[in-house]
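Working notes, structure below.
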Amino acid sequence: MANKNRTLIKLKCSACEAINYYYWKKKGAEYKLNLKKYCSNCRKHTQHKEFRK
């Protein structure tokens, strides 16, 4: 069950634009996530940026 204080966000690869990861983030947070993660589409570590609909 989802916590009411958090929202689900997606992380999109900056190279191939594939959505690979999902994270929970606190509602009203001022920061945007920008993580270096493994992309199975590119088969290498790339920057993944926060993406919302």
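Derivation of every value follows stated rules applied to the coordinates shown; laboratory data play no part. The structure presented is a predicted model; accordingly, all values stated were derived computationally and were not measured. Cβ: placed from backbone, ideal geometry, glycine included. Neighbour counts: every protein chain shown.
Taking E17 as the residue in question, decide whether it is acidic (D, E) and either touching a Pro at 6+ places or on another chain (Cβ under 6 Å) or surrounded by 11 or more Cβ atoms within 10 Å (Cβ to Cβ) (or both).
No; evaluated as a whole, the condition is false for this residue.
Between a residue in the stretch 24-53 that is over 13 Å from T7 (Cβ atoms) and any residue that is among the aliphatic types (A, V, I, L, M) and outside any loop (DSSP other than H, G, I, E, B), which pairs come within a Cβ distance under 6 Å, given they are 6 or more apart or on different chains?
Matching pairs, first to second residue: H48/L11; H48/L35.
Just name the residue that is surrounded by the most Cβ atoms within 10 Å (Cβ to Cβ) out of those in the stretch 1-14 that are farther than 16 Å from N34 by Cβ and among the aliphatic types (A, V, I, L, M). Can you show your working first?
Step one: filter the stretch 1-14 for residues farther than 16 Å from N34 by Cβ, giving 1-8.
In the following step, the residues that additionally are among the aliphatic types (A, V, I, L, M) were identified as 1-2, 8.
Details: M1: 3, A2: 8, L8: 10.
Among those that are farther than 16 Å from N34 by Cβ and among the aliphatic types (A, V, I, L, M), it is L8.
Given the residues K36, K27, which is the only one that is of a type in the set (K, R), loosely packed, with under 15 Cβ neighbours inside 10 Å and more than 11 Å from the chain's Cα centre (by Cα)?
Values: K36 fails: more than 11 Å from the chain's Cα centre (by Cα).
Just a single option satisfies the conditions, and that option is K27.
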